[in-house]
Amino acid sequence: PDDEPAPPAFWEAPNEDIELDTGVQLRRTALLLEGRAGMHVDGLAPSPGGTIGVGLRVPVLDAEQARLLSVGLGLDGAYLNGEARVTQAGAVVGVSRFTHAFVALTADARLRLLAVGDTAEIYAGLGGGVLLGRATLSGYRGDVDAGTRGFLGAASAGVTMGTAGHRPFLEVRGWAGALASPLVRAGAGEAPGGGSGFFALAAVVGYRFEFLGQASAAR
């Protein structure tokens, strides 16, 4: 009969695909912001000094492995000063105060090596960057200062503590490379002039802010 009700819409197209929501919502780390401070020692300055830095990191894997591998940028600064022996032709000719202030911009990839439940993670990173600074030699034939610049390889290892969202961490950072400056050799205890190899080691404590997002994963 003409007044028979129409069948439901899905009977009209039985072959159409019907999408089902079979995913689950996961909380994943979308962005990491770090602040750090500690002690810095290197082969150029005669005494250790302080360092402070910030970092920005982005995970590169999927939601379930978001903290397994990340890439990031770091900006660190340090100030060091102390007395240095000035030598010439193998003989000590005086004692001067050597200071070096610099900033280093680095990029690295970081891999999580071990997770201890949800409360701790051990990680290591590898990368490189550039250093720009200013060195001053005082007391040896007056005051002399000059810029410092160079390229560095960077490595780090550390441990984070706490649950996702806000995590304190401890980290050891190492740099190795070459600097170009008229005062680099002077600060290392040699006569001014030329460049030199450069290595540094820093121990820092910091705090990491993890900004979390939503991601879907199939069941």
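The values are calculated or read from the model by the stated rules, or taken from the named source; none is laboratory data. Note that the structure is a prediction, hence the values are computed from the model and not measured. Backbone-built Cβ (ideal geometry, glycine too); neighbour counts: all protein chains shown.
Quick notes
- Qualifying residue in the range 92-100 (condition: at pLDDT below 85, assigned to a strand (DSSP E or B) and either of a type in the set (Ser, Thr, Tyr) or farther than 20 Å from GLY43 by Cα (or both)): yes
- Set side by side, the residues LEU132, LEU61, LEU113, LEU68 differ, and just one is under 30 Å from THR163 (Cα atoms), surrounded by fewer than 16 Cβ atoms within 10 Å (Cβ to Cβ), at pLDDT 80 or above and not polar (S, T, N, Q), which is LEU113.
- Neighbours by Cβ (under 6 Å, 6+ apart or cross-chain): first from the range 195-207, touching a residue at least 12 places away in the same chain (Cβ under 8 Å); second among the aromatic types (Phe, Trp, Tyr): ALA200/TRP175; GLY206/PHE169
- Candidate set: the range 139-177, residues that are out of contact with any Gly (no Cβ under 7 Å at 6 or more places or on another chain) and among the hydroxyl-bearing types (Ser, Thr, Tyr); chosen: the one modelled with the lowest pLDDT: THR163
- Among the numbered conditions (1) among the aliphatic types (A, V, I, L, M); (2) modelled with pLDDT under 70; (3) assigned to a loop (DSSP other than H, G, I, E, B), the only one that LEU44 does not meet is (2).
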